[in-house]
Each structure stands twice: as structure tokens, then as C-alpha cells.
């Protein structure tokens, strides 16, 4: 299980953000942002005696990889202090049998017209949406949006089991289908995703258009921006294996990154349902380094998200400079406002 503290500014947050944003997306694991600064300025991450100046690290692949090794080592050190989950009588914990393993889902079901389903990014369990680990907060969210909600842990995260099959987007989407089929009760779903989770819900929506009412994508990964090399994938995979084990969700999913983005490039446009996309335009440490590593800009990131507009009549694209990659955590009011806006568009 990936364990991490509540949202605080510490090296662990920075480590995860940079390790993943640098190489495959403005990320998918718990991330924290640095101070806003231009790319030319010297950026430093300090924790005790630990400090790194980013401009010097941009210069060689060797130094970039060395930085990543240091960051993931630091991340694993800080990430193993588990918080004790707080259960709530308002939230139902369900085991969904996938035949080869079982997934753990957390839901608030009061039989509303729609079910809102949350999909986390690479390296994240459902705690990405509930960082306090207090189940009562899931119930509070459900009350706030006045709709039933469902969060779950993919294979290799949290209390979910795992299996040895390749964990590519096709597999992740098929397991999402099983979770929804068991818990949605035949209702249409509103899909909400962050980072790599965006690829999963795009595939689900395209394959199951009659079951989808709307989508909200928070800084989603996109093949027009994210183009990892084999060396990049190998490095990420090996780091996750070292830190969390070969059967962890992070490692098994990271092994498929190149294939995932190639597959996503072949997908048809989204179904014509209301879609809201939130894009981080903040020049923080993680976003700046990600752009530099890919030879991209924040505008390229925005333009990639604009491609999701194709074929969608009701498309809203919101950009923010006040939050980094984890918009739903760093600017929760913006996220919640747009989730409520999305739901208000539905009959």
C-alpha cells in the first residue's frame, strides 16, 4: 500500500511529483509543488541538509537519472509512515471479484440518479481523493455533491489484490468495467479521473458510451505530451520495484507506459457528453522540470488537453496557475465547483 501523510510541504511530496512528472506525465503519484518561478531561475528543494539546484541537473541524462534515484529513495523513506484509516458507517467497503484477484471499493450508495466514479493516477490508490484516510470525508463529499460516489483501489494498491497479468490500459479499463457493473446498479456513471487515470476513463467512455453521463478530467495524462522512451520506462519501473515491490500497482502499471500512450493515440474521440478538463498551468518545480525533460511547455500541455474537445458539444476547459498537478488536492474548491457544475448539466 502506498502510504503518505496529509497534504503537507515535505520532501516526500516533492520526490513523488518530480519522479513521475519528469518522465511520463505531469504525474500520477502524491505530489507537492515548489515555489512558483520561471524556468531560468534556480530552483531548490531543501529538507534538512538536502538541497538540489535544478538548472544544473537539466544538462545531462545521467544527472537527471541520478536525481530521480535520490528522489525515489527519499520518497520511499518518507512514505512508509502509515496513517491509520478511519472507518465510517456511511461508507461501504466492498470486495469486487475479478476472478484472478479482488479489488477493494469504497462507496456511498443512496440510490441517486447517477453514480460518480473516481479513478486515480499512477502510484495512487483511492487515497488520492481521500488523503486524510478518514472515510467520513468520502461521505461528506457525497453529501456535498448530492450524488452517490465510488472510489476504489486498482490491483496492487491498498487492500486490493494483484495478479501477474500485464497492467496496461486495456486491462485497467476492463477491471473498471467490472467494478462499475457490480456497484452502479445499472445507472449511468459520471467519471472523474486524475493523471494516468484519464487514459483509463477515456477508454471506458469510448467503449461504453451508453453507460457514461459525463466526465471530469483533472490534469489528465495525454499522448500528445507524454512520450516516454524505453529507458525512461525502465528507470521508472525499476525504481517502483525497489521501493514498493514487483507486484505493486505502481510497478506493474509503469511497465506498460510506452504501450499505454501508443494505445491511447489510437482511441476515437470521447462520446458527446458533458466534459470538463482542469489543466495546471502553474510554473512550479514539478511542471517546469517535466516540460524541460520533454522539451515541452505549459502551452503544449494545455493544447494536448484541448484535443479532448473533438466531437464534444459541451466542453469546458479550465486552466489554473494556483495549483500544480494535483489540482484536486491543492485547489479543492476549484475541483469541487467544477464537479458540481458538471453534475448540474445532467438531466
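Looking at segment 138-157, which of the residues that are more than 20 Å from the chain's Cα centre (by Cα) and in a loop (DSSP other than H, G, I, E, B) is farthest from residue 185 (Cα to Cα)?
146
Looking at segment 288-296, is at least one residue part of a helix (DSSP H, G or I) and either at pLDDT 95 or above or closer than 25 Å to residue 126 by Cβ (or both)? Give the steps one after another, and end with the answer.
Let us first name the residues in segment 288-296 that are part of a helix (DSSP H, G or I), namely 288-294.
Filter again for either at pLDDT 95 or above or closer than 25 Å to residue 126 by Cβ (or both), leaving 290.
Yes, segment 288-296 contains at least one residue that is part of a helix (DSSP H, G or I) and either at pLDDT 95 or above or closer than 25 Å to residue 126 by Cβ (or both).
Among 315, 335, which is surrounded by 15 or more Cβ atoms within 10 Å (Cβ to Cβ) and either under 17 Å from the mean Cα position of the chain (by Cα) or closer than 18 Å to residue 120 by Cβ (or both)? Write out each step before concluding.
Numbers: 315 fails: either under 17 Å from the mean Cα position of the chain (by Cα) or closer than 18 Å to residue 120 by Cβ (or both).
Checking each option against the conditions leaves just 335.
Among the residues in segment 274-285, are any crowded, with 22+ Cβ neighbours inside 10 Å, part of a helix (DSSP H, G or I) and touching a strand residue (DSSP E or B) at 6+ places or on another chain (Cβ under 8 Å)?
The answer is yes, given that some residue of segment 274-285 is crowded, with 22+ Cβ neighbours inside 10 Å, part of a helix (DSSP H, G or I) and touching a strand residue (DSSP E or B) at 6+ places or on another chain (Cβ under 8 Å).
Assuming residue 246 fulfils every condition listed in (1) at pLDDT 95 or above; (2) assigned to a loop (DSSP other than H, G, I, E, B); (3) over 18 Å from the mean Cα position of the chain (by Cα) apart from one, which condition is it?
Failing condition for residue 246: (1).
Would you mind finding the one in 305, 325 that is touching a residue at least 24 places away in the same chain (Cβ under 8 Å), under 18 Å from the mean Cα position of the chain (by Cα) and either surrounded by fewer than 15 Cβ atoms within 10 Å (Cβ to Cβ) or outside any helix (DSSP H, G or I) (or both)? Steps first, please.
Details: 305 fails: either surrounded by fewer than 15 Cβ atoms within 10 Å (Cβ to Cβ) or outside any helix (DSSP H, G or I) (or both).
Unique residue meeting the criteria: 325.
Please find, among 187, 154, the residue that is farther than 24 Å from residue 305 by Cα and in contact with a helix residue (DSSP H, G or I) (Cβ under 8 Å, 6 or more places away or on another chain).
After ruling out the rest, the residue left standing is 154.
For every residue, the table says whether it meets (1) modelled with pLDDT of 95 or more; (2) in contact with a strand residue (DSSP E or B) (Cβ under 9 Å, 6 or more places away or on another chain); (3) surrounded by fewer than 18 Cβ atoms within 10 Å (Cβ to Cβ); (4) not in a loop (DSSP other than H, G, I, E, B).
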position	(1), (2), (3), (4)
106	yes, yes, no, yes
111	no, yes, yes, no
118	yes, yes, no, yes
123	no, no, no, no
136	no, yes, yes, yes
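Kindly list the number of the only condition in (1) within 21 Å of residue 128 (Cβ to Cβ); (2) buried (at least 20 other Cβ atoms within 10 Å of the Cβ) that fails for residue 171.
Unmet for residue 171, out of (1) within 21 Å of residue 128 (Cβ to Cβ); (2) buried (at least 20 other Cβ atoms within 10 Å of the Cβ): (2).
Just a yes or no: is a residue in segment 219-231 part of a helix (DSSP H, G or I) and either more than 20 Å from the chain's Cα centre (by Cα) or touching a residue at least 60 places away in the same chain (Cβ under 8 Å) (or both)?
Residues of segment 219-231 that are part of a helix (DSSP H, G or I), as a first pass: 230-231.
Those still in the list that are either more than 20 Å from the chain's Cα centre (by Cα) or touching a residue at least 60 places away in the same chain (Cβ under 8 Å) (or both) too: 230-231.
Scanning segment 219-231, I find at least one residue that is part of a helix (DSSP H, G or I) and either more than 20 Å from the chain's Cα centre (by Cα) or touching a residue at least 60 places away in the same chain (Cβ under 8 Å) (or both), so the answer is yes.
For segment 249-268, what are the residues that are out of contact with any helix residue (DSSP H, G or I) (no Cβ under 6 Å at 6 or more places or on another chain), touching a residue at least 60 places away in the same chain (Cβ under 8 Å) and outside any helix (DSSP H, G or I)?
Answer for segment 249-268, where residues must be out of contact with any helix residue (DSSP H, G or I) (no Cβ under 6 Å at 6 or more places or on another chain), touching a residue at least 60 places away in the same chain (Cβ under 8 Å) and outside any helix (DSSP H, G or I): just 256.
Consider segment 177-216. How many of its residues are in contact with a strand residue (DSSP E or B) (Cβ under 7 Å, 6 or more places away or on another chain) and either within 20 Å of residue 96 (Cα to Cα) or not in a helix (DSSP H, G or I) (or both)? Working first, answer last.
Narrowing segment 177-216 to residues in contact with a strand residue (DSSP E or B) (Cβ under 7 Å, 6 or more places away or on another chain): 178-180, 182-184, 187-194, 197-198, 200-201, 204-205, 211-216.
If we keep only those that are either within 20 Å of residue 96 (Cα to Cα) or not in a helix (DSSP H, G or I) (or both) as well, we get 178-180, 182-184, 187-194, 197, 200-201, 204, 211-216.
Here the count works out to 24.
The values are calculated or read from the model by the stated rules, or taken from the named source; none is laboratory data. The structure presented is a predicted model; accordingly, all values stated were derived computationally and were not measured. Here the Cβ is made from the backbone with ideal geometry for all residues, glycine too, and neighbour counts use every protein chain on show.
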